[in-house]
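The values are calculated or read from the model by the stated rules, or taken from the named source; none is laboratory data. Computed from a predicted structure; not experimentally measured. Don't worry about glycine lacking a Cβ; one is built from the backbone with ideal geometry, like all the others, and counts go over all protein chains shown. Keep in mind that these areas ignore ligands, DNA and RNA; they rest on the heavy atoms of the full protein, side chains included. Shrake-Rupley method; radii C 1.70, N 1.55, O 1.52, S 1.80 Å.
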Amino acid sequence: MTGTLPFAITLDPGTSRLNHTGTWRTERPVYLSRMPPCNHACPAGENIQNWLFHAESGDYAAAWAALIAENPLPAVMGRVCYHPCEGACNRGQLDEAVSIHAVERFLGDHALREGLVPRVEVPPSGRRVLVVGAGPSGLSAASHLTRMGHAVTIREAGPLPGGMMRFGIPKYRLPRDILDAEIARILRLGVTLELNTKVTDIDAAFAEGFDAIFTAVGAHLAKRTAIPAHAAGRILDAVTLLAQVELGEAPQLGRRVIVYGGGNTAMDAARTAKRLGAEEAMIVYRRSRDQMPAHAFEVQEAEDEGVLIHWLRTITDIDASTFTVEKMEIDAEGRPQPTGTFETLEADSLVLALGQDVDTGFLARVPGVQIAKDGVIAVDAQMMTGRAGLFAGGDMVPAERTVTVAVGHGKKAARHIDAWLRGTTHVKPPRPALAGFETLNTWYYDDAPQTRQEHLALLRRQTGFEEVTHGLTEDTALYEARRCLSCGNCFECDNCFGVCPDNAVIKLGPGAGFAIDYDYCKGCGICATECPCGAIQMLPETT
Amino acid sequence: MTEETTGSTPGPASPAAATQRVRFYQTGTHTLGNRLMDAESRTVQASTDRANAITSGHRACQGCGEALGARYALDAAMRAAGGKVVAVNATGCLEVFTTPYPETSWQIPWLHSVFGNAPAVASGVAAGLRMRGQKDVRVVAQGGDGSTTDIGFGCLSGMFERNDDVLYICYDNEAYMNTGVQRSSATPPAARTATTPALGAAPGNVFGTGKNLPRIAMAHEIPYVATASVADLHDLEAKVTRAMAICGARYIHVHVPCPLGWGSASHDTIRLARLAVESGLFPLFEAEHGEVTAVKKIRRKVPVEDYLRPQRRFAHLFRPGHEDTQRLAAIQAMADANIRRYGLTEEAPL
Ligand SMILES: Cc1cc2nc3c(=O)[nH]c(=O)nc-3n(C[C@H](O)[C@H](O)[C@H](O)COP(=O)(O)OP(=O)(O)OC[C@H]3O[C@@H](n4cnc5c(N)ncnc54)[C@H](O)[C@@H]3O)c2cc1C
Ligand SMILES: Cc1ncc(C[n+]2csc(CCOP(=O)(O)OP(=O)(O)O)c2C)c(N)n1
Ligand code: SF4
Ligand code: SF4
Ligand SMILES: [Mg+2]
């Protein structure tokens, strides 16, 4: 010991620090970052844990910047994403999942209010990319490609950008000022948008001088079904109905409306019909409630608004306003089978919500492009079609059809297009081990029930297109962010620093985390066991 | 078909935009520190300014609960006394593993005499300091359960009876560990030790013997008695701090698992201490002048089996096919009695 002696110490004994107890060790603690289950489950590849980490400290700008590094449409996604992240969230096994989508929406709205904009940090690459279709996938690709330095033009067949976010998802779930503002922010990065410009000739587009093309034209051709109709009343398809409503050309549906189908589109069509003034909005679906592809919360919201659902029914005959429906039964294989028992329903119009096909015509002509099963376009692991330089994503390729998957495809395609333009290949970094629930020490987390988002009063939901689900306040968003367990990633709780019986953990200071002093660490493993979030691993000593 | 990003470690510290309006449910209030917490709400151990009363290089076993408990308690005492603490130590692991001549791990003034007289030596130190007018210097005496409940018991009772100005801290690892795990009067029933082997019809330590030192201390009606655990540092530090603010004889009994003596994994030290508290076997409470004044409620109640099973000293209770249900039930009854006596659950208020 040197320097001033502590109070009342008169002798200068040798310190035990001369004794390097690190030599006792058979296992060594090592700090690591594991893959949080939320991130693992996010189709858009968001680093949720990381943006929640920033949000927890009230630094919403940093949280938002981390968020849009992966997803340029957070205010939209916080509203319409079906949030598979929350299904995977470890907190769900403790009490209830973190309301990730609600915090995402708060951050998205906050950025719009504050006018936050992302920066393009790289110099122009001199390369030009054409994006076909201004739906979520095209917009995502355009945003990412622009931020990578490429000059992007989007050609959109329709009169307004947004794709199914505008012409499918109704206003009461996604207000248009929010959608418009997030799209405008992408365009302000320097993206050129050409509306009312349907692309029909891919080779001609390449000939114009585009170095790569990303197509994301969605799936817009409504599926039909053959129902014997003697004197059919009004029959239309759901996507046409929703698009007409959006354009201010809502059709006359009459007093009673039947929607045929059991997906989310059917729910939106029925809820829209209700808002347009239908006294009775009914859904007819051939399977049971459990088998409905629509999400339970959407079914619930539709029922709350007065939509009546006839489960296990198929329409067999239409005679003017009389619909004959046959009762179905679920067989041992879980398939609906006719029972021979019939009923009738009265309705003025029928809306078909039976799904959509992809209009592949203009692509099928391109040499090399392959059509996959179910009439969608085949792409490889790089999101490239059989034609070099032609990429595709979103609803038109084989995958789940959601805004989130579409946005994820846009990002993934952008990374591969960027690499392709630079003559390299994008290699996805290896994914670390999952931060499963068993890696956590949940003792250290307090009980904290999830925040519920408020809903618009029912009467207003039944009569207008005002947004149904309310956002969080700053306080509730902060609370919700702080419910995050920070799975697999150090959040500087100081536990390891405190619990080491050998003072062998070094605190490096705010933001810098911790290090192990292997001269003294005996390898007891208490730090790893007492780390709340599983950010320390014990590895066998090799020597 | 999707691109995913990995998790990440924290970036640079965020600005002080954080508010304390919203509680830290991420960490609860249960972690030692937190980047978002007010400095006062963090534990002493979370701070790089802690005294580190016992520094690195000591020779305690891997995962020693006593090394941890002693540093926790003394660092808190040092913080409370502005760095002016003299520690007196009884013989035992804590003394032996910190001071193999010529090395010492102590970074505070520290005295050792013999096994049984730490309370008397501490009384003497306190008297000496008083004579010299050094009122600001505080005395902490410490010993294992053997020195406290057995050999040093007479001296300790005298120190209590005279109300000498000493904080006595017992680090209870439930046996004479330093000499090879012999039974003490703090060894729990059924536990296997070198002197209570797991042999015969009733293997391990007998039921119905032993001493409850915190209650004996309370019977002296000294100003302050508390129990604490290495599993709850916030609670332990608060109790030491409270004790340091009081003059006269004070007693804190800290539960410190011993991987060697208990036959437990070195990484389970804090986990076992927590299970002892959560099962009700080790109740956390405070008492002033002989009356219980506060108890720490059980947050997530567990059966005693969760605590006993990971320890080899209780392995004979869990022999496959021959589970000793009768004696397990007897131990559970002890936990339940504690829960009733101290009101450890919401359903069982004090
Ligand atoms: C009613 C309804 C509700 C939905 N609700 C949700 C929801 O709540 N959450 C969710 O995640 N998903 C929802 N979805 C699904 C989601 O909207 C789609 O999966 C997503 O929009 C697909 O994005 P995309 O970019 O692939 O295609 P789209 O959004 O369909 O966009 C394609 C765009 O390309 C344009 N285009 C087409 N052909 C051409 C061409 N030849 N040249 C130029 N432009 C062209 C189209 O006009 C369109 O703007 C819903 C869908 C519907 C129909
Ligand atoms: C008078 C006397 N008897 C016996 C011993 C041997 N001895 C040294 S430490 C110890 C056991 C200490 O047990 P405890 O007080 O519980 O402390 P632990 O080692 O368990 O921390 C014994 C028996 C001694 N040093 N002096
Ligand atoms: S607790 Fe946080 S990090 Fe863990 S899965 Fe949930 S949102 Fe992700
Ligand atoms: S025997 Fe027990 S009390 Fe003694 S140093 Fe080892 S772990 Fe600590
Ligand atoms: Mg002992």
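Among the residues of the range A:24-74, those identified as within 21 Å of A:CYS490 (Cβ to Cβ) and β-branched (Val, Ile, Thr) are A:VAL30, A:ILE48.
Specify the residue that is nearest to ligand 1 (Cβ to nearest atom); the eligible residues are those in the range B:138-165 that are within 14 Å of another protein chain (Cβ to nearest Cβ) and open to solvent by less than 10 Å² (accessible area, probe 1.4 Å). It would help to see each step written out before you state the result.
Residues of the range B:138-165 within 14 Å of another protein chain (Cβ to nearest Cβ): B:138-140.
From what's left, open to solvent by less than 10 Å² (accessible area, probe 1.4 Å): B:139-140.
Details: B:VAL139: 68, B:VAL140: 63 Å.
Only one residue tops the list, namely B:VAL140.
Out of curiosity, is B:LEU111 open to solvent by less than 20 Å² (accessible area, probe 1.4 Å) and of a type in the set (A, V, I, L, M, F, W, C)? For B:LEU111, the condition - open to solvent by less than 20 Å² (accessible area, probe 1.4 Å) and of a type in the set (A, V, I, L, M, F, W, C) - is not met. Look at the range B:166-191 and say how many of its residues are within 13 Å of ligand 2 (Cβ to nearest atom), in a loop (DSSP other than H, G, I, E, B) and surrounded by fewer than 21 Cβ atoms within 10 Å (Cβ to Cβ). Within the range B:166-191, residues that are within 13 Å of ligand 2 (Cβ to nearest atom), in a loop (DSSP other than H, G, I, E, B) and surrounded by fewer than 21 Cβ atoms within 10 Å (Cβ to Cβ) number 3.
The residue that is nearest to A:ASP517 (Cα to Cα), among those in the range A:19-41 that are under 40 Å from the mean Cα position of the chain (by Cα) and within 7 Å of chain B (Cβ to nearest Cβ), is A:SER33.
Only residues that are within 39 Å of the chain's Cα centre (by Cα), aromatic (Phe, Trp, Tyr) and more than 7 Å from chain B (Cβ to nearest Cβ) were counted in the range A:488-543, giving 1. Go through the residues of the range A:386-402 one by one and say whether even a single one is within 14 Å of chain B (Cβ to nearest Cβ), open to solvent by 30 Å² or more (accessible area, probe 1.4 Å), in contact (Cβ under 8 Å) with a residue 12 or more places away in the chain and under 30 Å from A:ALA229 (Cβ atoms). Yes, the range A:386-402 contains a residue that is within 14 Å of chain B (Cβ to nearest Cβ), open to solvent by 30 Å² or more (accessible area, probe 1.4 Å), in contact (Cβ under 8 Å) with a residue 12 or more places away in the chain and under 30 Å from A:ALA229 (Cβ atoms). Give me the helices (runs of 4 or more DSSP H) completely within the range B:252-350, filtered to those with at least 1 residues that are acidic (Asp, Glu) and surrounded by 15 or more Cβ atoms within 10 Å (Cβ to Cβ), ordered by residue number. By residue number, B:269-279, B:304-308, B:325-342. The number of residues in the range B:76-108 that are assigned to a loop (DSSP other than H, G, I, E, B) and either open to solvent by 10 Å² or more (accessible area, probe 1.4 Å) or within 16 Å of ligand 1 (Cβ to nearest atom) (or both) comes to 11. Residue count for the range A:296-309, restricted to those that are at pLDDT below 95 and farther than 20 Å from A:LEU456 by Cα: 0. If you filter the range A:55-66 down to residues that are at the interface with another protein chain (Cβ under 7 Å from one of its Cβ atoms) and touching a Leu at 6+ places or on another chain (Cβ under 9 Å), you find that the one that is farthest from ligand 2 (Cβ to nearest atom) is A:GLY58. Scanning for something in a strand (DSSP E or B), away from ligand 1 (no atom under 16 Å from the Cβ), farther than 30 Å from A:ASP201 by Cα and open to solvent by 50 Å² or more (accessible area, probe 1.4 Å), does the range A:345-359 turn up at least one residue? Yes, the conditions are met somewhere in the range A:345-359.
Condition check ((1) near ligand 2 (Cβ under 8 Å from one of its atoms); (2) more than 27 Å from B:CYS61 (Cα to Cα); (3) of a type in the set (Asp, Glu)) across all residues:
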| site | (1), (2), (3) |
| --- | --- |
| B:ASN89 | no, no, no |
| B:THR104 | no, no, no |
| B:TRP110 | no, no, no |
| B:ALA127 | no, yes, no |
| B:ARG130 | no, yes, no |
| B:GLN134 | no, yes, no |
| B:GLY143 | yes, no, no |
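Scan the range A:217-235 and give yes if some residue there is outside any loop (DSSP other than H, G, I, E, B) and either at pLDDT 95 or above or within 16 Å of ligand 3 (Cβ to nearest atom) (or both), otherwise no. No, there is no match, as no residue in the range A:217-235 is outside any loop (DSSP other than H, G, I, E, B) and either at pLDDT 95 or above or within 16 Å of ligand 3 (Cβ to nearest atom) (or both).
Just give me the residues in the range A:42-67 being in contact (Cβ under 8 Å) with a residue 24 or more places away in the chain and under 12 Å from the mean Cα position of the chain (by Cα), in sequence order. Full working, then the answer.
Start the filter on the range A:42-67 by keeping residues that are in contact (Cβ under 8 Å) with a residue 24 or more places away in the chain, which leaves A:42-46, A:48-53, A:55-56, A:58, A:60-61, A:63-65, A:67.
If the condition is that a residue be in contact (Cβ under 8 Å) with a residue 24 or more places away in the chain and under 12 Å from the mean Cα position of the chain (by Cα), then A:CYS42, A:PRO43, A:ALA44, A:GLY45, A:GLU46, A:ILE48, A:LEU67 are the ones that fit.
Checked against (1) of a type in the set (Gly, Ala, Ser); (2) open to solvent by 10 Å² or more (accessible area, probe 1.4 Å); (3) touching a residue at least 24 places away in the same chain (Cβ under 8 Å); (4) facing another protein chain (nearest Cβ under 7 Å), A:GLY464 meets all criteria but (4).
Exactly one residue out of A:TYR520, A:TYR445 is within 16 Å of ligand 4 (Cβ to nearest atom) and either closer than 27 Å to A:GLU27 by Cβ or modelled with pLDDT of 95 or more (or both): that is A:TYR520. Within the range A:157-191, the set of residues being out of contact with any strand residue (DSSP E or B) (no Cβ under 8 Å at 6 or more places or on another chain), part of a loop (DSSP other than H, G, I, E, B) and open to solvent by less than 20 Å² (accessible area, probe 1.4 Å) comprises A:GLY158, A:GLY162, A:GLY163, A:GLY168, A:PRO170, A:TYR172, A:LEU174.
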